[in-house]
Amino acid sequence: MAQFERSARPNRERSDDDKGGSRRRPMFRRKVCRFCADKTLRIDYKDVRTITQFVTERGKMTPSRITGNCARHQRLLTTAVKRARSVALLPFTTANN
């Protein structure tokens, strides 16, 4: 088997401004679950003011990676939103005509 003198990929010369391989993610502050931080806050489907903070204008539930809720409180919040929707305290969607 003969060796090729030219390789399939020629070596590129890297300039000083070319960052190669060592990319770091920007540092973000870890979000804290507000229900774990403040023990007096309760998740209740009748408390519409608290629940609407976790629902978008379109009626979608905001994910925990955005709100910072822990898994336990996100599950409780999901059931509270669903209960509030079924009792007509929260809308399922917005009315766009």
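The number of residues in region 29-40 that are in a loop (DSSP other than H, G, I, E, B) and touching a His at 6+ places or on another chain (Cβ under 9 Å) comes to 1.
Could you tell me which residue of region 14-41 is farthest from CYS70 (Cα to Cα), considering only residues that are modelled with pLDDT under 80 and polar (S, T, N, Q)? Only one residue fits best here, namely SER15. Taking region 41-71 as the range and being closer than 19 Å to VAL87 by Cα and not charged (D, E, K, R) as the test, the residues that pass are ILE43, TYR45, VAL48, THR50, ILE51, THR52, GLN53, PHE54, VAL55, THR56, GLY59, MET61. Within region 49-97, the set of residues being under 22 Å from CYS36 (Cβ atoms) and not in a helix (DSSP H, G or I) comprises VAL55, MET61, THR62, PRO63, GLY68, ASN69, CYS70.
Applying a threshold of 9 Å to beta carbon distances and a minimum spacing of six or more residues, or different chains, the list of pairs starting in region 58-84 at a residue that is without any contact (Cβ under 8 Å) to a residue 24 or more places away in the chain and among the hydroxyl-bearing types (Ser, Thr, Tyr) and ending at one that is assigned to a helix (DSSP H, G or I) and exposed (fewer than 15 other Cβ atoms within 10 Å of the Cβ) reads THR62/GLN53; SER64/ALA71.
The values are calculated or read from the model by the stated rules, or taken from the named source; none is laboratory data. Keep in mind that what you see is a predicted model, and the values were worked out from it rather than measured. Quick reminder, even Gly has a Cβ in these numbers, built from the backbone with ideal geometry, and neighbours come from all protein chains shown.
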